[in-house]
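The values are calculated or read from the model by the stated rules, or taken from the named source; none is laboratory data. All of these numbers come straight from a predicted model, not from anything done at the bench. Reconstructed Cβ throughout: ideal geometry from the backbone, glycine too, with neighbour counts over all protein chains shown.
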Amino acid sequence: MFKTISALILREVKYKEADKILTVLTPEDGKLTVKARGALRKSCRYGAACQALCYSEMTLFGSRGRWSVNEAETIEQFLMLRSDLALLALGSYFAEALEAVSDEDSPNPEILQLGLNSLYALSRRLYTPEHIKTAFELRLMCLAGFEPDVFACAVCGREESQDMLLSLRGGVMHCRGCVPEARGVSLPLSPESLDAMRYVINAEPKRIFSFAIPPESETQLDGVTQAYMSAQLERGFATLDYWKSVRLKDKKLRFTEDISYG
């Protein structure tokens, strides 16, 4: 049985001497595990299309519930990610998060679209990495069924306040003086951060990055969306930790260079 699909390659694992096992995300079938025979050989005609963070068109052959690549051609390689270690690390985090919320035989084309739009924005440097990451995390949680209620206090119903917090466990907003039903950690939201969250939740897919808030609010929101996703999925991400370490090294290097030339 043959079928042709478009797929974002989320993960690649070496198998035997020259093969790869690919985890891919498709609009029709959700997450799939696919074998790419000989993909590590230089002579492989579809090797370039079987790399992690590539969006490719693949013709698969299926037998006994297993799929293998018969042909593949690249649609988008996001090449600029591969020239910057920090961007590549953040793109890998996006892929790991997409894999975490996706299931086989459970298609969600909007999640795939979010991944592609986020990788495109990252590779073209349309916004800062932190800005793209924040919008990606929040929108991913919405699409995965963990949309936070940030339109009114879950306890008293107030919609606007200078003192709002987000309950990481309960997924609801509440005033500082109100106690949400789900106890646990709550993080503060400035009015600007709250407005940005409301925008990202409701925006058209290609417009989720089109917001601007002050740097201090953007830093706050980055921490909130990251902590919220971790709390809702009850897990961390090795690729996120690696991206943070790379960013820290970059900042230290720039600081050292500023001192040297200052």
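Observations, loosely collected:
- Qualifying position, being in the same structural domain as Leu8 (by TED's automatic domain parsing) and over 19 Å from Thr239 (Cα atoms), among Glu147, Glu73, Glu110: Glu73
- Scanning segment 178-187 for residues that are closer than 14 Å to Leu168 by Cβ and surrounded by 15 or more Cβ atoms within 10 Å (Cβ to Cβ) turns up Pro180, Ser186, Leu187.
- Segment 225-236 residues that are surrounded by 15 or more Cβ atoms within 10 Å (Cβ to Cβ), paired with ones that are among the hydroxyl-bearing types (Ser, Thr, Tyr) and assigned to a helix (DSSP H, G or I) (beta carbon under 7 Å, 6 or more apart): Thr225/Thr134
- Set Leu81, Leu88, Leu32, Leu53: member being aliphatic (A, V, I, L, M), at positive phi and at pLDDT 95 or above: Leu53
- Looking only at residues of segment 1-17 that are among the aliphatic types (A, V, I, L, M) and either in contact (Cβ under 8 Å) with a residue 24 or more places away in the chain or on the phi > 0 side of the Ramachandran plot (or both), we find that the one that is surrounded by the most Cβ atoms within 10 Å (Cβ to Cβ) is Ala7.
Yes or no, residue by residue, for (1) in contact with a strand residue (DSSP E or B) (Cβ under 7 Å, 6 or more places away or on another chain); (2) surrounded by 21 or more Cβ atoms within 10 Å (Cβ to Cβ); (3) assigned to a helix (DSSP H, G or I):
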| residue | (1), (2), (3) |
| --- | --- |
| Leu87 | no, yes, yes |
| Leu90 | no, yes, yes |
| Leu98 | yes, yes, yes |
| Asn117 | no, no, yes |
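- Here Asp241, Asp250 are screened, and the one residue that is modelled with pLDDT under 95, charged (D, E, K, R) and either assigned to a helix (DSSP H, G or I) or within 16 Å of the chain's Cα centre (by Cα) (or both) is Asp250.
- Applying the condition of being modelled with pLDDT of 95 or more and touching a Lys or Arg at 6+ places or on another chain (Cβ under 7 Å) to segment 101-117 and asking which residue is nearest to Tyr127 (Cα to Cα) yields Asn117.
- Only one of the numbered conditions (1) among the aliphatic types (A, V, I, L, M); (2) outside any strand (DSSP E or B); (3) over 12 Å from the mean Cα position of the chain (by Cα); (4) within 30 Å of Asp19 (Cβ to Cβ) is not met by Ala72, and that is (2).
- Taken together, the residues in segment 210-219 that are of a type in the set (S, T, N, Q) and over 19 Å from Leu90 (Cβ atoms) amount to 2.
- Just one of the listed residues (Ile213, Ile201) is surrounded by fewer than 19 Cβ atoms within 10 Å (Cβ to Cβ), among the hydrophobic types (A, V, I, L, M, F, W, C) and modelled with pLDDT of 95 or more, namely Ile201.
- Sole exception among (1) in contact (Cβ under 8 Å) with a residue 60 or more places away in the chain; (2) assigned to a loop (DSSP other than H, G, I, E, B) for Arg139, by number: (2)
- Checking every residue in segment 170-193 against the condition of being part of a helix (DSSP H, G or I) and either touching a helix residue (DSSP H, G or I) at 6+ places or on another chain (Cβ under 6 Å) or outside the structural domain of Ser230 (by TED's automatic domain parsing) (or both) gives at least one match.
- Inspection of segment 47-66 finds a residue satisfying the criterion of being of a type in the set (Phe, Trp, Tyr), closer than 18 Å to Leu112 by Cβ, touching a helix residue (DSSP H, G or I) at 6+ places or on another chain (Cβ under 8 Å) and surrounded by 16 or more Cβ atoms within 10 Å (Cβ to Cβ).
- Looking only at residues in segment 21-46 that are in a strand (DSSP E or B) and more than 23 Å from the chain's Cα centre (by Cα), the one that is surrounded by the most Cβ atoms within 10 Å (Cβ to Cβ) is Ala36.
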